[in-house]
Structures are given as structure tokens and as C-alpha cells.
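Only the coordinates and a few stated rules stand behind these numbers; no lab work does. Just so we're clear, the structure is a prediction, and the values are computed from it rather than from any experiment. Because the Cβ atoms are built from the backbone with ideal geometry, glycine has one as well, and the counts that use them run over all protein chains shown.
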Amino acid sequence: MNTRFLSKGMEIDEQTKEYILKRLERVAKLVDEVSEFEVEVDRDKKGKIRVEIMIKTPHNLYRAEEVSVSVAGSTDMVIDKLEKEIDKKKNKNRDLKLRGKRSIKKKLVVDASARF
């Protein structure tokens, strides 16, 4: 897992990096091993923390961001969003194939004298 951390307006300590990497393992199981992860953490003027995670795979790009009071809370919400996005993309092709099979099956007419 190739991971790059970017931070603006704050420093990311080792404990926070380990927490984020631990949470990213859930998503890493769903994508290719060649994927690159970019984690951006920054603090705005109001003191809220924004976490953005971008996953670059050979064929797709997944991105999610969330703003909350803590890094852990933002990270958890972003990981949930990414899991949903990846699952939706993976199931899209499978659903299209099934839909095509169903339409062919509906149009198929079998003669009563046919032997199977």
C-alpha cells in the first residue's frame, strides 16, 4: 500500500498516522495492490479538521472528504464513504450483465416440440 500524507495548518503525529493507516487497510482489501493512497489533513480557521482521501487505481479514481472536530471522526466517515463508492462501482458491471441476461431471457421463445 503506497500512502502519501499531506498536512496543512497542523502536524500529523505518528499515532494519528498509524490510526489512519489502520483504517485504510479496510479499503485496501477492496482495491488493487497497485493503488496509491493520498491522505490530506488540514485545519480551517474555525478549528475544524478536514480529512480527504484519494485512491488512485489503474482504472478508477475514488475520492471522499469530510469535515468534523477530530481527525479520527473525519477518518471514519471518509472510510465509510469510500467503501460505499468502491462497492457501488464494482457491482455496477455485475448488475449490467445480469440485466442484459434477463432481457435476453424474456425475448427467448422456445418451441413446444424442442427437445432438451
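With just the Cα atoms defining each centre, how far is the stretch 27-79 from the stretch 84-102? Give it in Å.
24
Per the helix-only calculation at 222 nm, which mean residue ellipticity applies to the chain, given -39500 (n - 2.57) for every DSSP H run of n ≥ 4 and division by its residues, nearest 500 deg cm²/dmol?
Values: 2 runs with 52 residues, N = 116.
Calculated from helices alone, the mean residue ellipticity at 222 nm is -16000 deg cm²/dmol.
Between K22 and V67, with labels modelled 7 Å along Cα→Cβ, what's the label distance in nm to one decimal, could you check?
2.8
May I ask which residue of V39, M10, H59 lies farthest towards the positive end of the charge dipole of the stretch 2-107, with charges of +1 (Lys, Arg) and -1 (Asp, Glu) on Cβ and the Cα centre as origin?
Value: H59.
Say R0 is 35 Å: what FRET efficiency, to the nearest 0.05, do E14 and T57 get from their beta-carbon distance? Spell out each step's value before the answer.
Details: r = 27 Å, r/R0 = 0.78.
Once the sixth-power term is evaluated, E becomes 0.80.
What pairs from K45/K90; K56/K90; K22/K84; K22/K90; K22/K89; K22/K46 go past 26 Å between their alpha carbons? Intermediate values should be presented prior to the final figure.
Details: K45/K90 38 Å; K56/K90 15 Å; K22/K84 18 Å; K22/K90 23 Å; K22/K89 23 Å; K22/K46 28 Å.
Going by Cα-Cα distance, K45/K90; K22/K46 fall outside the 26 Å limit.
In degrees between 0 and 90, to the nearest 10, how far off the longest principal axis of the chain does helix 14-28 point, with axes built from Cα atoms?
So the inclination is approximately 0 degrees.
Pairs of Cα atoms under 8 Å, at least six residues apart: use those to get the relative contact order of the stretch 2-107, whole percent.
Relative contact order for the stretch 2-107 comes out at 23 percent.
Using unit Cβ charges (K, R positive; D, E negative) and no other charged atoms, how large, in debye to the nearest 20, is the dipole of the stretch 2-107 about its Cα centre?
On the way: 28 positive and 21 negative charges, 287 e Å.
In debye, rounded to 20, the stretch 2-107 gives about 1380.
Between 0 and 90 degrees, rounded to the nearest ten: what's the tilt of helix 71-107 against the longest Cα principal axis of the chain?
For 71-107 against the chain, the angle is about 10 degrees.
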